[in-house]
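Q: I have a structure I would like to understand better, so I am pasting it below and will then ask my questions one at a time.
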Amino acid sequence: MASAIEEQRLFAARQRSEELRSLINYHNYRYYVLDSPEIADAAYDELMRELRRLEEEFPRLIVPDSPTQRVGGEPVAAFGIVEHQLPLLSLANVFDDQELQAWYRRAENLLGQEVDDLVCELKMDGLAVALVYEDGRLVQGATRGDGRRGEDVTANLRTIRSVPLTLAEGAPRRLEVRGEVYIRKADFERLNEQRAEQGLPLYANPRNLAAGSLRQLDPRVTAQRPLDIFIYGLGWWEGGALPDNHWDALAALKALGCKVSPYNARVAGLAAVEDYHRLWLGRRPDLEFEADGVVVKVNSYRLQEQLGAVGHAPRWAVAYKFPAIQATTKLRDIQVNVGRTGTLNPFAVLEPVQVGGATVKLATLHNEDDIRRKDIRVGDTVIVQRAGEVIPQVVGPVLSLRTGEEQVFAMPGTCPVCGTPVVRPAGEAMHRCPNPSCPAQLYRLLEHFASRGAMDIRGLGEQWAGVLLAQGLVGDVGDVYYLEQERLQGLARMGEKSAKNLLAAIERSKQRPLANLLFALGILHVGGQTAALLAEHFRSLDRLAGASAEEIGEIPGVGPVVAESVRAYFAEPRNRQVLAKLRRAGVKMRLAEEQTSMAGPLAGQEFVFTGTLAAYPRSQAEALVRRLGGSAGSAVTKRTTYLVAGEAPGSKLKRAQQLAVRVLDEAEFQELVATAEKAE
């Protein structure tokens with residue numbers, strides 16, 4: 001009986017393993033050869049883990065062509081094929097502290113000693129390559145391919161500016177270095193914006209764009225893509241003294257001119273590895289490139305050699321993955337909500353799925369054009385992405401899983417809330433409800449008006465905005481300043497103390513700065529930074545309300561579309577009535593003299609930022625400047641004192657050079673700020 005049950009289990013396991021091998025080989029081909037994946041990395045990892053579990057339980061199921069017995073995809077024959085002198089091994093993955101500890105204990109047990117000397121590196125989501133140098137000159141560059149053979153992409157790698165064509169003095173006679181080619185997130189977004197404007201399909205993710213760019217048959221195409229590289233280790237070394245550990249080897253490669261990641265860390269013990277993982281998991285959204293985990297390596301080459309490899313994965317290294325920011329799930333429906341400016345915003349209703357440590361049920365779809373470009377249909381299996389605190393978004397459908405029953409989405413012809421026929425202004429991507437009295441618009445506007453970045457009315461949040469509108473106590477944001485305690489106390493769950501606190505917060509909001517008031521009004525295309533520019537230039541709401549679009553458009557950083565939107569807002573009689581209510585209520589509508597020049601060591605100095613800063617996000621740097629009395633501009637003008645240029649600066653750098661504006665690198669900016677803080 002027991003034997004029969006075991007045979008049944010083996011039969012079921014054999015069927016499932018064959019199915020898994022077929023699926024994984026297909027997705028390997030999509031990912032490594034076509035650079036066009038159909039499922040998220042997390043879903044692929046789960047398929048591999050299931051297959052490994054089956055093969056561990058039933059070793060007889062292991063076959064030579066199993067995906068667990070190979071490293072990656074086949075090299076493409078269109079390129080010359082390179083035989084790697086030493087294989088480029090793949091890394092085993094762990095997904096939590098317990099699995100990491102199990103890997104660590106295995107390594108110590110095999111060595112019979114403690115392993116305290118480790119190196120942590122961010123696991124970049126790019127394309128692995130091997131670069132061969134002879135007598136200090138780059139002679140060959142190849143992709144990882146299947147680990148033993150890769151594609152010869154030497155000509156394309158030569159176009160990457162961070163790849164040294166010659167090494168500094170002291171290089172051995174021959175050596176191979178290994179690195180990861182990648183594209184920064186900002187460059188990826190910029191290229192996708194350009195493609196969207198041209199009506200072209202969007203790139204799926206930075207990794208695939210980097211891989212596709214490097215594997216162009218015409219190097220001139222590769223040269224036009226903003227590729228970069230980090231060297232993460234040695235392959236082999238001939239001639240000269242070889243460093244005896246990985247950390248010293250990285251230092252040697254850096255001295256030879258290779259670009260080595262500044263995020264690497266040499267740590268002592270497993271607790272420090274876990275701390276490093278937690279640190280970069282929290283900072284992951286601020287990284288300039290995509291990273292999906294931490295690579296942990298035993299530092300000593302002697303110990304690495306003793307540990308060796310199992311299958312195609314080294315025992316001396318492991319990838320401690322971050323929680324997935326992508327997953328696949330079913331798209332149940334596409335629905336539409338109405339924003340505070342009347343935009344009709346489609347969103348996805350999903351089968352609940354875990355993404356990045358949170359359960360995702362809804363995701364943004366941007367607009368109808370985006371849905372069309374991605375060919376997303378109701379009923380599709382879709383890839384969902386979430387990063388940091390960003391709202392989840394649908395990346396695209398898994399085309400191979402279509403059944404033919406999926407339904408094409410069409411934007412409704414009337415507002416789903418008030419029934420007004422929708423419009424799509426020329427040149428805009430969004431459909432809009434043109435009815436300013438639409439309840440959905442009023443609700444969102446009231447919620448926005450009371451938010452912290454606007455009028456900061458504590459206690460008037462999402463819930464009470466809906467109640468006040470439903471009870472007819474407010475018909476626009478101006479009515480907020482005429483609420484009475486007696487009427488408020490009559491509302492369910494609004495007691496005397498709550499009513500007093502709300503009215504006190506409303507009274508305090510009357511003194512909010514002009515920029516906050518302008519932002520709070522919800523003018524189309526006017527965000528916080530634009531509101532600050534308008535307030536600083538016009539200094540009063542009345543002056544701005546009387547300005548022409550041409551006058552408004554003269555402000556650096558304010559374009560013609562924004563200028564026309566501001567003019568149209570103040571020309572609308574209904575909006576003028578709201579402003580009159582605010583004025584009568586005593587809401588401050590002028591920029592006080594003391595607001596124009598804050599006291600502080602950087603008073604009178606304007607800073608503009610470009611590129612990526614390593615130490616902190618740009619918003620934090622701008623806040624630091626303002627705290628010290630300076631101002632943060634959005635565009636380089638004759639009034640700009642300094643342009644702070646981080647990595648990969650944009651067109652602002654050229655503008656600063658034309659206007660002879662002083663340019664600071666990040667180190668110089670930090671030194672200037674430190675001096676200002678001492679003088680504070």
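Q: Which lysines, if any, have their Cα less than 26 Å from the Cα of Lys185, not counting same-chain residues under 8 positions apart?
A: Straight-distance partners of Lys185: Lys123, Lys254, Lys259, Lys321, Lys361, Lys374, Lys652, Lys654.
Q: Taking the convex hull of the alpha carbon atoms in the range 81-321, what volume per residue do you get, in Å³?
A: About 124 Å³ per residue, rounded to a whole number.
Q: Oh, and also: Taking C-beta distances below 4.7 angstrom as the pairing criterion, name the unpartnered cysteines of the chain, in sequence order.
A: Cys120, Cys258
Q: Further question on the same structure: Please work out the Cα convex hull volume for the range 520-659 and give it in Å³ per residue.
A: On the way: hull volume 17.2 nm³, N = 140.
It comes to 123 Å³ per residue, whole-number rounded.
Q: I would also like to ask the following. Taking just the alpha carbons, could you work out the radius of gyration and Dmax for the range 597-679, both in angstroms?
A: 11.8, 33
Q: List the residues, sorted by chain then number, that are 5 or more residues from Thr364 or on another chain and whose placed amide H is less than 5 Å from its amide H.
A: Ala348, Gln393, Val394
Q: Next up: Determine the equivalent ellipsoid of the range 85-218 by diagonalising the alpha-carbon gyration tensor, then write out the semi-axes as square roots of 5 times the eigenvalues, largest first, rounded to whole Å.
A: 32, 25, 13
Q: Right, another one. Compute log10 of I(q)/I(0) for the range 474-568 with the Debye formula, placing one identical point scatterer on every Cα and leaving out solvent, at q = 0.13, 0.16, 0.17 Å⁻¹, to two decimals.
A: The Debye formula, applied to the Cα set alone, gives -0.56, -0.71, -0.76.
Q: Could I ask something else about it? Compute the signed sum of charges (Lys and Arg +1, Asp and Glu -1) over the other residues within less than 15 Å, Cβ to Cβ, of Gly141. Walk me through the numbers on the way to the answer.
A: Details: positive: Arg137, Arg144, Arg149, Arg158, Arg161, Arg174, Arg178, Arg215, Lys259; negative: Glu83, Glu134, Glu151, Asp152, Glu176, Glu180, Asp228.
That sum, taken over residues with Cβ under 15 Å, equals +2.
Q: Taking the beta-carbon count within 10 Å as an exposure proxy, list Glu486, Glu647, Glu38 from fewest neighbours to most.
A: Working: Glu486 8, Glu647 14, Glu38 21.
So the residues, fewest neighbours to most, are Glu486, Glu647, Glu38.
Q: To continue, here is another question. Counting other C-beta atoms within 10 Å, which of Leu118, Leu61 has the fewest, and how do the rest follow?
A: Working: Leu118 25, Leu61 18.
Neighbour counts put them in this order, fewest first: Leu61, Leu118.
Q: Then there's this: Go ahead and estimate [θ] at 222 nm for the chain from helices alone: -39,500 (n - 2.57) per DSSP H run with n ≥ 4, summed, over the residue count, rounded to 500. Before the final figure, lay out each step's value.
A: Numbers: 25 runs with 255 residues, N = 680.
Value at 222 nm, helices only: -11000 deg cm²/dmol.
Q: Excluding same-chain residues fewer than 8 positions from Lys581, which lysines have a Cα within less than 23 Å of its Cα?
A: Lys500, Lys510
Q: Hey, another quick one. Relative to the compact-globule scaling 2.2 N^0.38 Å, provide the ratio for the alpha-carbon radius of gyration of the range 154-250. Intermediate results must be reported in sequence, preceding the final value.
A: Details: Rg = 16.7 Å, N = 97, 2.2 N^0.38 = 12.5 Å.
Normalised by 2.2 N^0.38 Å, the Cα Rg of the range 154-250 equals 1.34.
Q: Could you bin all the Cα-Cα distances of the range 138-187 into 10 Å bins starting at 0 and give me the percent of pairs in each, rounded to whole numbers?
A: 19, 50, 27, 4
Q: Here is a further query. Just need the relative contact order of the range 597-679 here, percent rounded to a whole number, with Cα pairs under 8 Å and 6+ apart. Mind showing how you got there, number by number?
A: Numbers: 140 pairs, mean separation 27.6, N = 83.
It comes to 33 percent, rounded to a whole number.
Q: Can you tell me which aspartates and glutamates have their Cα less than 12 Å from the Cα of Lys638? Leave out same-chain residues fewer than eight positions away.
A: The reachable aspartates and glutamates, counting only those whose Cα sits under 12 Å from Lys638, are Glu606.
Q: Continuing with this model, one more query. Hey, what do the phi angles of the range 87-94 turn into as Karplus ³J(HN,Hα) couplings, whole Hz, using 6.51/-1.76/1.60 and θ = phi - 60°, x for Gly and Pro?
A: x, 8, 6, 8, 9, 6, 10, 10
Q: One quarter of the convex hull surface, Cα atoms only: what value does that give for the range 266-381 in nm²? Provide the component values of the computation, followed by the final result.
A: On the way: hull surface 44.9 nm².
So the mean shadow area of the Cα hull is 11.2 nm².
Q: Taking all pairs of different Cα atoms in the range 326-402, averaging 1/r and flipping that mean, what Kirkwood radius in angstroms comes out? Could the numbers behind the result be given before it?
A: Details: mean 1/r = 0.0799 Å⁻¹.
Kirkwood radius, the range 326-402: 12.5 Å.
Q: Provide, as a two-decimal number, the C-alpha radius of gyration of the chain over 2.2 N^0.38 Å, N being how many residues it has.
A: On the way: Rg = 29.5 Å, N = 680, 2.2 N^0.38 = 26.2 Å.
Normalised Rg, Cα atoms only: 1.13.
Q: If each residue of separation counts as 0.36 nm, what is the full-extension length gain between Ala571 and Lys497 once their alpha-carbon separation is subtracted?
A: Working: separation 74, 0.36 × 74 = 26.64 nm, distance 4.00 nm.
Taking 0.36 nm per residue and subtracting the Cα distance, the gain is 22.6 nm.
Q: Would you work out the relative contact order for the chain, in percent, from Cα pairs under 8 angstrom that are 6 or more residues apart? Walk me through the intermediate numbers first.
A: Details: 1188 pairs, mean separation 60.0, N = 680.
Averaging sequence separation for qualifying contacts and normalising by length gives 9 percent for the chain.
Read-outs: derived from the displayed coordinates by stated rules, not from any lab. The model shown is predicted, which means the values in this text are computed figures rather than measured ones. Positions of Cβ are generated from backbone atoms using ideal geometry, with glycine treated the same way; all protein chains shown enter the neighbour counts.
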